[in-house]
Amino acid sequence: MKLTDKRFGITWVALALLLTVVMVSHSWNEDTMILGIAYALSLLSTWLCHRIRPKAAFGNLLVMFLYNAILGYNLIFNSHGGEGFTWWFFLLLLNGIHSIGLLIYYVTNVRFTVLDYIWYVSEAIREKECNYNMSGLTILSFIWWFCILVPLIAPLMYSFLGNPTTIIVSLILLFLPELFCRLRYTSARKQTILQHYSGMRHLWRRMFIIVMTALILAAFNFGLMYHLGFINKA
């Protein structure tokens with residue numbers, strides 16, 4: 001194991017322990033759950049980034065550990081009055097933005113992902129069946145809009161930000177799949193993916209599985225938000 005890998009592993013475990021301490025120091029409620037999701041994204045994004053850029057991942061991990069240690073300390077020991085919400089908000093904001101940035105970096109630099117598989121199946125059906133209503137962008141947008149943005153992100157934003165901020169941000173986020181496809185699927189990348197998945201059979205069967213999985217994910221997210229009260233609030 002390389003020295004960078006050892007340092008990353010030790011720091012990653014230390015960050016996980018730190019985040020766990022911050023979580024268990026507060027009673028379980030909606031705010032704690034949301035912060036836990038942000039923490040999970042932080043750990044996942046740094047681990048994924050480490051797979052493709054170890055040194056960059058280690059640097060980001062150190063920065064993440066630093067601000068989580070400072071803000072987590074204040075959340076535990078300086079939460080008098082309304083100050084607790086301030087520390088919670090900055091923890092959520094920094095971890096959320098940092099994690100999303102690392103995830104975008106990962107999916108735009110990793111060789112192949114499940115998103116590439118979905119994109120290829122959609123594009124292959126489009127070319128084979130001359131069905132120009134079908135495309136990789138269409139299917140990825142469908143999954144983003146109806147499985148993540150509408151049932152999960154929008155209720156959370158509405159609960160904390162209200163209108164019209166939620167509507168404005170949601171309208172901006174609608175175009176995230178198009179931005180992702182433009183960054184990810186360059187001409188060279190398209191050729192690499194087409195060569196990697198060439199010869200794939202049973203395209204419609206694969207598309208059926210993709211759509212059914214997306215619908216199950218959408219139903220789960222709707223159910224989760226309803227159970228936690230976010231959709232009721234919305």
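Residues checked against (1) over 30 Å from residue 30 (Cβ atoms); (2) in contact (Cβ under 8 Å) with a residue 60 or more places away in the chain; (3) touching a Cys at 6+ places or on another chain (Cβ under 6 Å):
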{"position": "160", "(1), (2), (3)": "no, no, no"}
{"position": "166", "(1), (2), (3)": "no, no, no"}
{"position": "178", "(1), (2), (3)": "yes, no, no"}
{"position": "193", "(1), (2), (3)": "yes, yes, no"}
{"position": "199", "(1), (2), (3)": "yes, no, no"}
{"position": "216", "(1), (2), (3)": "no, no, no"}
Residue in segment 52-61 that is in contact (Cβ under 8 Å) with a residue 24 or more places away in the chain and not in a helix (DSSP H, G or I) present: yes
Among (1) at pLDDT 90 or above; (2) over 19 Å from residue 97 (Cβ atoms), which single condition is residue 29 missing? (1)
Out of the residues in segment 157-166 that are touching a helix residue (DSSP H, G or I) at 6+ places or on another chain (Cβ under 9 Å) and surrounded by fewer than 18 Cβ atoms within 10 Å (Cβ to Cβ), state the one that is modelled with the highest pLDDT. 165
Can you name every residue in segment 19-46 that is in a helix (DSSP H, G or I) and surrounded by fewer than 17 Cβ atoms within 10 Å (Cβ to Cβ)? 20, 21, 23, 24, 30, 31, 32, 33, 36, 37, 40, 44
If you go through segment 95-137 one residue at a time, how many are open to solvent by 30 Å² or more (accessible area, probe 1.4 Å), among the polar types (S, T, N, Q) and touching a helix residue (DSSP H, G or I) at 6+ places or on another chain (Cβ under 7 Å)? 3
Select from segment 212-234 the residues that are in a helix (DSSP H, G or I) and among the small types (Gly, Ala, Ser) and write down the one among them that is most open to solvent (accessible area, probe 1.4 Å). 219
Picked from segment 67-94 (must be within 23 Å of the chain's Cα centre (by Cα) and aromatic (Phe, Trp, Tyr)), the residue least open to solvent (accessible area, probe 1.4 Å) is 88
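The values are calculated or read from the model by the stated rules, or taken from the named source; none is laboratory data. Quick caveat, the model's predicted, so the values are computed rather than measured. With ideal geometry, Cβ positions are generated from the backbone for all residues, glycine too; neighbour counts draw on all protein chains shown. The protein model used for the area step is the full one, side chains on, heavy atoms only, and it has no ligands, DNA or RNA in it. Shrake-Rupley method; radii C 1.70, N 1.55, O 1.52, S 1.80 Å.
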